[in-house]
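> Pasting a structure here, questions to come.
The values are calculated or read from the model by the stated rules, or taken from the named source; none is laboratory data. Only a predicted model underlies this, so the values are computations on that prediction, with no experimental measurement involved. Here the Cβ positions follow ideal geometry from the backbone for every residue, glycine too, while neighbour counts run over all protein chains shown.
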Amino acid sequence: MQNDESLIERGKYLVTISGCNDCHSPKIMSAQGPEPDPSRMMSGHIQDEKLPPMHANAGKDGWVNFNMNTTAAVGPWGVSFAANLTPDETGIGTWTFDRFKTAIQKGKYKGLEGSRMLLPPMPWQVYKNIKEDDLKAIYVYLKSLPPINNLVPQPILSTPKL
């Protein structure tokens, strides 16, 4: 079995190449464009960030739209917000590995059986077959991050038109 340091490094590598920061980390503007804010890594959608006004057909026009932080997305399902994945109690601080595994492999909100499904754009279907060793490395890495208190808003669900 790997030691925690090698698990953390493996987890950091997997999180980086999987693009987890694309949605789960707020951004700062750099000369190269938006980059993950190092002071808010993996903390999800900022709890008090106001979304700009959306046009009337947002999410109903064949497009998925993101806010400038790429932490909120609007589509046919409504508006979803990227989760806080830091080890704070507002994130995954109280989660066991089994809860994390349920969230990633079964697409269950907060890793709880019987809860709602994770919403787009979270590609849990892509990760459902991830090897347990890799999932454990990601979990250990996320648990090693500084905890950030950030209570992410609940989604704003749309009622599909039939």
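> Does region 69-82 contain any residue that is out of contact with any Ser or Thr (no Cβ under 9 Å at 6 or more places or on another chain) and in a loop (DSSP other than H, G, I, E, B)?
Scanning region 69-82, I find no residue that is out of contact with any Ser or Thr (no Cβ under 9 Å at 6 or more places or on another chain) and in a loop (DSSP other than H, G, I, E, B), so the answer is no.
> Separate question: For the subset of region 14-35 comprising residues that are of a type in the set (Ser, Thr, Tyr) and surrounded by 13 or more Cβ atoms within 10 Å (Cβ to Cβ), which member is farthest from PRO123 (Cα to Cα)?
Within region 14-35, the first condition is being of a type in the set (Ser, Thr, Tyr), and the residues that meet it are 16, 18, 25, 30.
Still in the running and surrounded by 13 or more Cβ atoms within 10 Å (Cβ to Cβ): 18, 25.
Numbers: SER18: 10, SER25: 16 Å.
Within region 14-35, the match that is farthest from PRO123 (Cα to Cα) is SER25.
> Of the residues GLY114, GLY107, which is under 24 Å from PRO26 (Cα atoms), at pLDDT 95 or above and not hydrophobic (A, V, I, L, M, F, W, C)?
On the way: GLY114 fails: under 24 Å from PRO26 (Cα atoms).
Answer to the selection: GLY107.
> Among LEU157, LEU135, which is the only one that is surrounded by fewer than 20 Cβ atoms within 10 Å (Cβ to Cβ), of a type outside the set (S, T, N, Q) and within 26 Å of GLY59 (Cβ to Cβ)?
Numbers: LEU135 fails: within 26 Å of GLY59 (Cβ to Cβ).
From the options LEU157, LEU135, the qualifying one is LEU157.
> Given the conditions (1) charged (D, E, K, R); (2) over 20 Å from LYS143 (Cβ atoms); (3) in a loop (DSSP other than H, G, I, E, B); (4) within 16 Å of the chain's Cα centre (by Cα), report the number of the one that ASP22 does not fulfil.
Evaluating ASP22 over (1) charged (D, E, K, R); (2) over 20 Å from LYS143 (Cβ atoms); (3) in a loop (DSSP other than H, G, I, E, B); (4) within 16 Å of the chain's Cα centre (by Cα) leaves (3) as the failure.
> Restrict the check to region 138-146 and report whether at least one residue is surrounded by fewer than 18 Cβ atoms within 10 Å (Cβ to Cβ), among the β-branched types (Val, Ile, Thr) and in contact (Cβ under 8 Å) with a residue 40 or more places away in the chain.
Taking region 138-146 and keeping what is surrounded by fewer than 18 Cβ atoms within 10 Å (Cβ to Cβ), we get 144, 146.
Now restrict to residues that are among the β-branched types (Val, Ile, Thr): none.
No, because not a single residue in region 138-146 is surrounded by fewer than 18 Cβ atoms within 10 Å (Cβ to Cβ), among the β-branched types (Val, Ile, Thr) and in contact (Cβ under 8 Å) with a residue 40 or more places away in the chain.
> Tell me which residues, restricted to region 83-122, are loosely packed, with under 15 Cβ neighbours inside 10 Å, part of a loop (DSSP other than H, G, I, E, B) and of a type in the set (A, V, I, L, M).
LEU112
> I would also like to ask the following. Looking at MET29, MET1, which one is in a loop (DSSP other than H, G, I, E, B), over 17 Å from VAL79 (Cα atoms), modelled with pLDDT under 95 and not acidic (Asp, Glu)? Don't jump to the end; show me each part of the working.
Numbers: MET29 fails: in a loop (DSSP other than H, G, I, E, B).
Every option except MET1 fails the conditions.
> Further question: If you check every pair at least six apart or on different chains, which have Cβ atoms under 7 Å apart with a residue in region 2-15 that is on the phi < 0 side of the Ramachandran plot first and a residue that is of a type in the set (Asp, Glu) and assigned to a helix (DSSP H, G or I) second?
Qualifying pairs under 7 Å: LEU14/ASP134.
> Going by what's in this entry, would GLN154 be described as part of a helix (DSSP H, G or I) and among the polar types (S, T, N, Q)?
no
> Let me ask another. Return the residues of region 52-62 that are touching a residue at least 12 places away in the same chain (Cβ under 8 Å) and either surrounded by fewer than 18 Cβ atoms within 10 Å (Cβ to Cβ) or under 30 Å from ALA137 (Cβ atoms) (or both); say none if nothing qualifies. Reasoning before the result, please.
First, the residues of region 52-62 that are touching a residue at least 12 places away in the same chain (Cβ under 8 Å): 52, 54, 58-60.
Scanning region 52-62 gives PRO52, MET54, ALA58, LYS60.
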